[in-house]
1. Which whole-number percent gives the relative contact order of segment 119-171, counting Cα pairs below 8 Å spaced six or more residues apart?
2. Using R₀ = 35 Å, calculate the FRET efficiency as 1/(1 + (r/R₀)^6) where r is the Cβ-Cβ separation of residue 96 and residue 159; round to 0.05.
3. What pairs in 178/209; 55/134; 134/174; 52/192 have C-alpha atoms more than 26 Å from each other?
4. For segment 165-173, in order, what is each residue's ³J(HN,Hα) by Karplus, 6.51 cos²θ - 1.76 cosθ + 1.60 with θ = phi - 60°, in whole Hz (x at glycine and Pro)?
5. Within a 10 angstrom radius of the beta carbon, how do 154, 142 rank from fewest other beta carbons to most?
6. Please go through segment 72-152 and write out the chymotrypsin sites (Phe, Trp or Tyr not before Pro) that DSSP classes as loop and that have at most 13 other C-beta atoms within 10 Å.
7. What distance in nm lies between label points placed 7 Å from Cα along the C-beta direction at residue 88 and residue 204?
8. May I ask you to compute the full-extension gain from residue 169 to residue 46, defined as 0.36 nm times their residue separation minus their alpha-carbon distance, rounded to one decimal in nm?
Amino acid sequence: MLREREGPPLGQNTSDGPNNVGLGKRDSAPPNRTPARKQRRRRRPRFSLLSKRIKEIESIICFPTPMPLDRLRAHLVPYAQHVACRLRELGKPATHSAIAESLQIMCRVRGIAYYVSEQQLDAHVDAAVTLALKHPRPDKADALGTRLQLTFADRAFLRIKTIGACDVTKAERKRRRKARNREQARLRAASKRTERGAVPREQWLANSKSRTQPWKQQGISRRTYYRRLRNAAQNEHGTGWFDNNLSLYPQTNPCHVAVTPKERAVRARLRFPFVASHALPWSGLSRKERGAHGRIMLACR
């Protein structure tokens with residue numbers, strides 16, 4: 001007898017989804033599970049020269065605190081010009097009220113409103129905004145530095161990059177920057193050489209032979225000293241080994257060179273005077289013996 005089919009009848013919907021018809025609980029979606037969201041990568045904001053200039057002008061305004069009132073208006077005008085250009089860059093209307101509000105907020109945040117009365121501050125802000133709207137184009141870097149009376153020392157102290165200096169030209173600043181970068185690169189390379197175990201040049205020169213001049217202590221010339229060192233290095237395992245007392249002198253004649261035992265055996269087998277012009281009896285010599293004899297011939301030339 002056939003067993004009856006267990007489970008829901010075919011075609012009956014067993015889940016909440018409209019597409020899961022007759023599939024049972026096994027193929028249904030798991031409960032309490034949400035699809036994972038793809039994490040969006042945070043983008044860095046675009047660099048804006050106007051916003052950078054605004055921050056630098058704020059630092060210049062707050063640097064000599066309290067600033068005289070005659071200089072305050074001269075500093076607020078370029079600040080208002082850059083604020084107006086920044087509002088236009090963002091697509092916002094550069095109105096008198098919007099620019100004045102930005103200047104009021106800056107003066108209160110930076111502490112200028114604490115040593116200036118409210119009436120004086122409003123008068124200075126209104127005059128600066130009016131002049132900025134009349135001349136909306138901001139100055140260049142060097143012209144702005146001259147207008148703000150920014151010296152090269154103050155510029156370096158405040159780390160200002162987009163405004164020039166009133167006492168140093170652009171070409172001179174470029175030359176000083178190159179010299180500073182060259183010096184930093186030199187110090188960085190010197191530190192890396194020291195980490196690798198290199199000896200500083202001053203210490204190396206102090207211990208060099210050109211400073212100590214050992215040939216004068218031994219009573220010989222410099223050329224003779226280096227020639228003996230060279231011959232001693234070539235004849236390390238021969239009779240001309242060079243020591244500190246110069247008790248053993250190597251032969252200076254190039255024909256009188258130290259030979260290996262194999263070459264001495266070749267000489268004894270050939271039995272002829274060691275002269276370069278003598279005929280060589282090549283018969284009866286092996287390949288290694290011919291090579292040894294060739295080295296002897298080259299040494300006597």
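No value in this document is a laboratory result; all are computed from the given coordinates. Nothing here was measured: the structure is a model prediction, and the numbers come from that model. Glycine gets a Cβ as well: all are built from the backbone with ideal geometry, and neighbour counts include every protein chain shown.
1. Working: 38 pairs, mean separation 17.5, N = 53.
Contact order relative to length: 33 percent.
2. Numbers: r = 33 Å, r/R0 = 0.93.
Given R0 = 35 Å and the Cβ-Cβ separation, E is 0.60.
3. Working: 178/209 36 Å; 55/134 23 Å; 134/174 34 Å; 52/192 35 Å.
Flagged as over cut-off: 178/209; 134/174; 52/192.
4. 10, 7, 10, 10, 6, 5, 5, 5, 5
5. Working: 154 19, 142 16.
Least crowded to most crowded, the residues run 142, 154.
6. Numbers: sites: 79, 114, 115, 152; in loops: 115.
When the chymotrypsin sites (Phe, Trp or Tyr not before Pro) of segment 72-152 are filtered for loop state and at most 13 Cβ neighbours within 10 Å, 115 remain.
7. Simple spin-label model gives 6.0 nm for this pair.
8. On the way: separation 123, 0.36 × 123 = 44.28 nm, distance 2.92 nm.
Answer, rounded to one decimal: 41.4 nm.
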